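> After the structure tokens below, expect a handful of questions from me.
The values are calculated or read from the model by the stated rules, or taken from the named source; none is laboratory data. In this text, all values refer to a predicted model and were calculated from it rather than measured experimentally. A quick note on method: Cβ atoms are made from the backbone with ideal geometry, for glycine too, and the neighbour counts reach across all protein chains shown.
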Amino acid sequence: MTITPPTNVLTICNTLNNAGFEAWLVGGAVRDSILGRDAHDWDIATNAKPDIVVSLFPKVIETGIKHGTVTVLIDGVGYEVTTFRGDGEYSDGRHPDEVRFCNTIEEDLSRRDFTMNAIAYNPTTNVFCDPFNGREDIRYNIIRTVGDPDKRFREDGLRSLRAIRFSSVLNFAINNETFIAIKNNLYSFQQVSSERVRDELLKILSSKDPVFGFDLLYRSWLLEYIIPELIPMIGCSQNKYHSWDVWDHTFEVVDALPSDTILRMAGLLHDVGKPASKAPHPVTGDATFYDHENIGAEMAVTILNRLKFSAEDRDRIVHLVKHHFIRYEKNQAASAVRRWVRKVGSENVADLCTLARADIIGKGLDALVKLESDVIDHLENRIATMTINEVIPTSTKVLVIGGVEVMSHLGISPGPMVGKVLNGLLEAVTDNPENNNTDKLLELSTAIYKELNNG
């Protein structure tokens with residue numbers, strides 16, 4: 001087969017060739033091209049030393065020059081060019097203690113993680129260098145380490161998680177010897193930073209079959225070091241409203257969600273509080289999970305902090321977990337709907353409804369799917385209609401008067417009482433949006449102030 005890289009990549013290869021050096025395409029772009037997938041991150045390996053590479057191109061960033069890597073800039077796009085190299089020992093279980101330059105592409109490929117990533121292609125001669133039969137493993141959908149799997153995983157603990165991520169994303173099987181080596185080298189995995197673990201985890205979640213990836217995480221024992229809080233969900237039976245235990249239900253939910261990784265992370269954690277909250281109903285004896293959403297939200301904070309999620313992403317996920325259990329009936333009062341929107345935030349309504357529909361699908365009961373989904377549709381449509389016809393009061397900012405008017409009308413000074421009166425006015429407008437006019441709010445503020453003082 002022929003791989004056709006972007007024009008700028010060919011320009012870099014030709015420049016190196018014309019200067020008397022080899023230029024090979026390596027890594028994920030070669031693998032993905034063989035698979036017929038869209039290829040990105042075109043990396044080039046060469047026998048030219050970094051200082052020579054720098055001299056051959058007008059714009060170069062010395063991104064990792066001590067490890068032999070520079071980034072060549074063409075038209076504002078960066079392309080990594082790395083000198084053939086071999087790695088020394090990995091005493092920290094993550095990075096090589098030293099890097100030595102070598103003379104051949106075969107030596108360079110021998111340091112890589114998996115055979116499917118240890119294939120090089122020369123676009124000038126249309127020649128593959130595949131010393132570890134990576135193309136054959138790709139043909140048979142197999143993930144196998146280059147050389148001794150124990151050595152590979154001892155060198156870099158992240159490779160264990162990458163193997164599972166590749167398996168989930170590409171739908172490849174992990175070679176048995178390779179999979180056993182993952183379980184034998186958990187110490188190296190524990191040296192990996194939380195940020196790198198988080199990034200790989202999100203890639204598994206965004207794959208077409210995340211349940212496959214998480215099953216591998218569980219069977220490889222890696223899950224105990226990533227999100228051990230998920231393990232009690234396995235075998236945690238539910239009640240008559242569910243066909244599956246909490247674990248299987250959770251991944252039915254994740255599968256039913258769009259590939260928004262933050263939304264899927266919320267789906268992954270939405271029922272994490274169920275095992276801790278499980279109790280028999282006092283009359284029927286069927287399982288109940290009272291307050292599981294609040295318990296789960298507290299657990300989610302711990303999990304997401306451990307994985308170093310940003311504060312913004314953590315808060316969004318925790319909020320979705322806390323409010324995923326929607327209690328709504330079609331005949332519910334409009335004021336109750338407004339209060340719910342105010343509580344969850346209008347910006348979260350669409351995500352919560354999407355999560356609720358996935359939660360319904362995840363119950364595995366066909367008879368309930370349309371019935372319960374219709375209720376969520378009714379709620380979302382009702383909110384949309386209300387939003388067109390009125391401003392749903394989500395904060396005191398929607399009031400037509402503010403603290404200044406309240407203080408002037410009541411003759412009071414700045415302080416907590418002003419906020420309490422404004423919150424009382426917000427409640428009145430939530431009950432009836434027609435109350436949101438100056439005369440009515442000033443009248444109501446007098447009554448609220450008196451009630452607060454009497455209280």
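> On the basis of being at pLDDT 95 or above and either touching a helix residue (DSSP H, G or I) at 6+ places or on another chain (Cβ under 6 Å) or charged (D, E, K, R) (or both), does R85 make the cut? Full working, then the answer.
Details: at pLDDT 95 or above: no; either touching a helix residue (DSSP H, G or I) at 6+ places or on another chain (Cβ under 6 Å) or charged (D, E, K, R) (or both): yes.
Taking the combined requirement at face value, the residue does not satisfy it.
> Need at least 1 residues that are under 29 Å from F21 (Cα atoms) and free of Cβ contacts under 8 Å to residues at least 40 places away in the same chain per element, so show me which helices (runs of 4 or more DSSP H) inside the range 116-195 make the cut, counting only ones lying wholly within it.
134-139
> Here is a further query. If K66 meets every condition in (1) in a strand (DSSP E or B); (2) at pLDDT below 95 apart from one, which number is that one?
(1)
> Just to be sure I understand, how many residues within the range 347-402 are under 31 Å from the mean Cα position of the chain (by Cα), acidic (D, E) and within 25 Å of S335 (Cβ to Cβ)?
6
> Looking only at the range 222-236, which residues are without any contact (Cβ under 8 Å) to a residue 24 or more places away in the chain and charged (D, E, K, R)? Before the answer, list the steps.
As a first pass, look at the range 222-236 and keep what is without any contact (Cβ under 8 Å) to a residue 24 or more places away in the chain: 223-224, 228, 231, 234-235.
Correct list: E224 only.
> Oh, and also: Please work out which one of (1) within 26 Å of D156 (Cα to Cα); (2) at pLDDT below 95; (3) among the aliphatic types (A, V, I, L, M) is the condition L216 fails and give its number.
All conditions pass for L216, except number (2).
> Quickly run through the range 246-260 and pick out the residues that are surrounded by 16 or more Cβ atoms within 10 Å (Cβ to Cβ) and either under 17 Å from the mean Cα position of the chain (by Cα) or farther than 16 Å from F325 by Cβ (or both). Outline the logic, then answer.
Our first condition is that a residue be surrounded by 16 or more Cβ atoms within 10 Å (Cβ to Cβ); within the range 246-260, this holds for 246-257.
Passing the criteria: W247, D248, T250, F251, E252, V253, V254, D255, A256, L257.
> Output the residues belonging to the range 208-237 that are closer than 23 Å to I180 by Cβ and polar (S, T, N, Q).
S220, the sole residue that qualifies.
> Then there's this: Return the total of residues in the range 398-437 being buried (at least 17 other Cβ atoms within 10 Å of the Cβ) and either outside any helix (DSSP H, G or I) or touching a Gly at 6+ places or on another chain (Cβ under 8 Å) (or both).
Count: 5.
> Looking only at the range 41-58, filter to residues that are among the acidic types (D, E) and within 36 Å of the chain's Cα centre (by Cα); which one of those is surrounded by the fewest Cβ atoms within 10 Å (Cβ to Cβ)?
Restricting attention to the range 41-58, the residues satisfying the condition of being among the acidic types (D, E) are 41, 43, 51.
The next check asks that each one be within 36 Å of the chain's Cα centre (by Cα); those that pass are 41, 43.
Working: D41: 11, D43: 17.
Among those residues, the one meeting the criterion is D41.
> Within the range 366-373, can one find any residue that is assigned to a helix (DSSP H, G or I) and either among the basic types (K, R) or assigned by TED's automatic domain parsing to the domain that holds N436 (or both)? Walk me through it before giving the result.
First, pick out the residues of the range 366-373 that are assigned to a helix (DSSP H, G or I): 366-373.
Keeping just the survivors that are either among the basic types (K, R) or assigned by TED's automatic domain parsing to the domain that holds N436 (or both) gives 370.
Yes: one or more hits.
> Hey, another quick one. How many of the residues in the range 29-41 are modelled with pLDDT of 95 or more, in contact with a helix residue (DSSP H, G or I) (Cβ under 7 Å, 6 or more places away or on another chain) and not basic (K, R)?
So the count comes out to 2.
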